[in-house]
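Below is one structure, written out as structure tokens; the observations come after it.
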Amino acid sequence: MYDVIYTKPEVSEKIIKLIIDRWPNAAVHTTMVLGKARLDVTIRDVSEDEFYSAAMVDGYALACKGLQVLMTDKDFGPRVDHWIALAEKMKEEKNEACI
């Protein structure tokens, strides 16, 4: 899985931590572009389904450029519904683990 995330510099470290905590093998390279932090994220053996649903749970999905491109695809509707369902399942599992 590869994606580019553009975000405010002050939140980039939080996003990096969320990604690395979830996928310790993730490679995240940061550069500054026009006052924004650009995070190049590469994660082996992680599908779009898993990455984007986790990004929804963790709160950085709309900053993912790959997701923004997919949103222009007319067949995107069923895929986002699937990712939302996966995100809801992840949230439930996370909440159950905290009980």
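The values are calculated or read from the model by the stated rules, or taken from the named source; none is laboratory data. Everything numeric here is computed off the predicted structure, so don't read it as measured data. Neighbour counts run over all protein chains shown; Cβ positions are idealised from the backbone, glycine included.
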Legend entry - Residue check, residue 77 in a helix (DSSP H, G or I) and at pLDDT below 80: yes
Legend entry - Members of the stretch 5-49 that are surrounded by 15 or more Cβ atoms within 10 Å (Cβ to Cβ), touching a residue at least 24 places away in the same chain (Cβ under 8 Å) and not charged (D, E, K, R): 5, 6, 7, 12, 15, 18, 19, 37, 39, 41, 43, 46
Inset, instruction - Give the residue that is modelled with the lowest pLDDT, with candidates limited to residues of the stretch 43-70 that are of a type in the set (Val, Ile, Thr) and out of contact with any helix residue (DSSP H, G or I) (no Cβ under 8 Å at 6 or more places or on another chain). - result: 69
Inset, instruction - For the stretch 52-65, indicate whether the set of residues that are of a type in the set (S, T, N, Q), more than 18 Å from residue 1 (Cβ to Cβ) and in a helix (DSSP H, G or I) is non-empty. - result: no
